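Undergrad: Dropping the structure in here first, questions after.
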Amino acid sequence: DHWTLSQSSFDCDDIGDNVITLTAFDKLGNATACFPTVTVEDNDNPVVACVPFSPGSQVVTNYSSTPLMAIPDNDPTGISDIINVPDAYNVFELEVNLTIAHTWVGDIIATLQSPSGTTINLVNRIGLPAVNATFGCGDDDLDVNLFDGAGSALEDACTGSGGPIVGTFTATDLLSTFIGEPVNGNWTLTVSDNAGADIGTL
C-alpha cells in the first residue's frame, strides 16, 4: 500500500556507505523492512572563481572607542574594551591608534583579539629588560599609531625623559597576523598593569 525510507536525501556529510531502512506497509497496516546500503561518492572537483583584484575594492573604515576605563594597579587580568564591527569585510591591512594615560609605561601589556580568536601583543612592557631589567621604561603615557610599515619599533621608543611616547611605531607582534580574517564581530583590547605603584586610564 505504501512505504517509507529512514533517509531519502544525501549530501557531503554522508560520503561513504549509509545503511537505511526501507519499510513497506500493506492495507491492513502490516509492515516489513529491509536494510539497503546507499553509497555516496564525491567525484566532482571544487570550482573556484577568482575575481581580479582592483585597488578600488578596498574599503578603509575606522572604528573607535573612548572607554575612559581605569587600569587597575599590579593586576595582570587588567581591563578589556570591546569594539563590535558590523561590516562584512576581510582584513587587508590594519592600524591601531592607542592612547593610554599611565605613569611608567613599562608596566603595561596590551593585547588585541580578533573576532576569530587570534590574539597578538600590541605592547609588552616597553623597555623590559633593555632599559630597566625589573620595571622597564619609566616614561609616562602612550599616544601611538601602531602600523607594520612604521620605521621604528615601539619597544625601542623609550626616551628616558619621563614621556610621553608619541608617534607611529610597529607593535610588539605583527598586525599582519590578522590579514584575511573577517572584520565583523567583537575586537577585544585588553590592557593590564603588571607592576605596583603606577596607575592609569585607557
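The values are calculated or read from the model by the stated rules, or taken from the named source; none is laboratory data. Everything numeric here is computed off the predicted structure, so don't read it as measured data. For neighbour counting, all protein chains shown are included, and Cβ atoms are generated from backbone atoms with ideal geometry for every residue, glycine included. Quick note on the areas: whole protein, heavy atoms, side chains included, nothing else; ligands and nucleic acids left out. Shrake-Rupley method; radii C 1.70, N 1.55, O 1.52, S 1.80 Å.
Undergrad: Which pairs turn up if I take residues in region 114-140 that are over 20 Å from HIS102 (Cα atoms) and look for partners that are assigned to a loop (DSSP other than H, G, I, E, B) and of a type in the set (Ser, Thr, Tyr) with beta carbon separation below 8 Å, at least 6 apart in sequence or on another chain?
TA: ILE120/THR172
Undergrad: Just checking, does region 194-201 include any residue being open to solvent by 30 Å² or more (accessible area, probe 1.4 Å), hydroxyl-bearing (Ser, Thr, Tyr), closer than 15 Å to ALA101 by Cα and outside any loop (DSSP other than H, G, I, E, B)?
TA: Yes, the conditions are met somewhere in region 194-201.
Undergrad: Yes or no: region 89-106 includes at least one residue that is on the phi > 0 side of the Ramachandran plot and surrounded by fewer than 11 Cβ atoms within 10 Å (Cβ to Cβ). Walk me through how you get there before you give the answer.
TA: Start the filter on region 89-106 by keeping residues that are on the phi > 0 side of the Ramachandran plot, which leaves 104.
Filter again for surrounded by fewer than 11 Cβ atoms within 10 Å (Cβ to Cβ), leaving none.
No; the residues of region 89-106 include none that is on the phi > 0 side of the Ramachandran plot and surrounded by fewer than 11 Cβ atoms within 10 Å (Cβ to Cβ).
Undergrad: Looking at ILE179, is it open to solvent by less than 30 Å² (accessible area, probe 1.4 Å) and in contact with an Asp or Glu (Cβ under 9 Å, 6 or more places away or on another chain)? Quick ask: steps written out before the conclusion?
TA: Details: open to solvent by less than 30 Å² (accessible area, probe 1.4 Å): no; in contact with an Asp or Glu (Cβ under 9 Å, 6 or more places away or on another chain): yes.
Considered against the rule, which asks whether it is open to solvent by less than 30 Å² (accessible area, probe 1.4 Å) and in contact with an Asp or Glu (Cβ under 9 Å, 6 or more places away or on another chain), ILE179 comes out as no.
Undergrad: State all residues of region 123-137 that are assigned to a loop (DSSP other than H, G, I, E, B), at pLDDT 90 or above and open to solvent by 30 Å² or more (accessible area, probe 1.4 Å); if no residue qualifies, say none. If you could, list the steps in order and put the result at the bottom.
TA: Our first condition is that a residue be assigned to a loop (DSSP other than H, G, I, E, B); within region 123-137, this holds for 125-137.
Imposing the further condition that a residue be at pLDDT 90 or above reduces the set to 125-126.
Listed by number, the list holds a single entry, ARG125.
Undergrad: With respect to LEU112, is the statement that it is on the phi < 0 side of the Ramachandran plot, at pLDDT 95 or above and open to solvent by less than 60 Å² (accessible area, probe 1.4 Å) true? Outline the logic, then answer.
TA: Details: on the phi < 0 side of the Ramachandran plot: yes; at pLDDT 95 or above: yes; open to solvent by less than 60 Å² (accessible area, probe 1.4 Å): yes.
When the stated conditions are applied, LEU112 passes them.
Undergrad: Please go through region 116-154 and pick out each residue that is of a type in the set (A, V, I, L, M) and in contact with a Phe, Trp or Tyr (Cβ under 8 Å, 6 or more places away or on another chain).
TA: Taking region 116-154 and keeping what is of a type in the set (A, V, I, L, M), we get 120, 122-123, 126, 128, 130-131, 133, 142, 144, 146, 150, 153-154.
Selection gives ILE120, LEU128, VAL144, LEU146, ALA150, ALA153, LEU154.
Undergrad: Restricting to region 26-59, count the residues that are at pLDDT below 90 and either under 30 Å from PHE92 (Cβ atoms) or in a strand (DSSP E or B) (or both).
TA: Of the residues in that region, 15 qualify.
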